[in-house]
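A.B. asks: The structure is given below, and queries will be raised subsequently.
The values are calculated or read from the model by the stated rules, or taken from the named source; none is laboratory data. As the structure is a computational prediction, the values presented were derived from the model and not from experiment. Counting neighbours? That spans all protein chains shown, and the Cβs are built from the backbone with ideal geometry, glycine included.
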Amino acid sequence: MCRKFVRDTEGITNLACSGASDIDLVCIVEPEVSDVLITDASFVLRSLLNLFSNAFRAVGRGSVDLRVALIETDSSSNNEKQPAPKLRFTVTDTGPGVNPAEVDQLFAPFVSGAGSTGK
């Protein structure tokens, strides 16, 4: 199901971004990722489409890549119940990136011109 989900997401993204003919979308699911996926698929889909949308806007021409990988879980505990495996969805692009002078402000609260904190 995971690989089918990624293929479906790739198809939706290709349709939504069909005007971006100079951008290649590459989706890779690492071999160790199980096809059984129990998650809120609509949340993951919305999140990935948002990331893809941002990446496509930033690139202009080049590539946008999705990689799905298994995050190592600690199986050394003596608990009978094994922790659920976790997946990492990584979206990268060949865009110019963030201006180094602006990196410190990425996660700072927004401040309006009047000095008050807003949403």
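A.B. asks: Find all pairs meeting these conditions: Cβ atoms under 8 angstrom apart; at least six residues apart or on different chains; first residue within the range 25-37 and free of Cβ contacts under 8 Å to residues at least 12 places away in the same chain; second residue not in a strand (DSSP E or B).
C.D. replies: none
A.B. asks: In the range 17-39, how many are touching a helix residue (DSSP H, G or I) at 6+ places or on another chain (Cβ under 7 Å) and either in a helix (DSSP H, G or I) or over 25 Å from LEU87 (Cα atoms) (or both)?
C.D. replies: 3
A.B. asks: Condition test on ALA69, is it at pLDDT below 85, under 30 Å from LEU15 (Cβ atoms) and under 15 Å from the mean Cα position of the chain (by Cα)? Break it down stepwise before answering.
C.D. replies: Details: at pLDDT below 85: no; under 30 Å from LEU15 (Cβ atoms): yes; under 15 Å from the mean Cα position of the chain (by Cα): yes.
The answer is no for ALA69.
A.B. asks: So SER42 passes all but one of these: (1) assigned to a helix (DSSP H, G or I); (2) touching a Gly at 6+ places or on another chain (Cβ under 8 Å). Which condition number does it fail?
C.D. replies: Tallying (1) assigned to a helix (DSSP H, G or I); (2) touching a Gly at 6+ places or on another chain (Cβ under 8 Å), SER42 fails exactly one: (2).
A.B. asks: Given the conditions (1) surrounded by 11 or more Cβ atoms within 10 Å (Cβ to Cβ); (2) within 13 Å of the chain's Cα centre (by Cα); (3) modelled with pLDDT of 85 or more, and given that PHE43 satisfies all but one, which numbered condition is not satisfied?
C.D. replies: Result: PHE43 passes all but (1).
A.B. asks: Separate question: Just name the residue that is surrounded by the most Cβ atoms within 10 Å (Cβ to Cβ) out of those in the range 50-68 that are closer than 11 Å to VAL6 by Cα and hydrophobic (A, V, I, L, M, F, W, C). Talk me through it step by step, then tell me what you get.
C.D. replies: Restricting attention to the range 50-68, the residues satisfying the condition of being closer than 11 Å to VAL6 by Cα are 66-68.
With the extra rule that they be hydrophobic (A, V, I, L, M, F, W, C), the set shrinks to 66, 68.
On the way: LEU66: 21, VAL68: 19.
For the range 50-68, the residue satisfying everything is LEU66.
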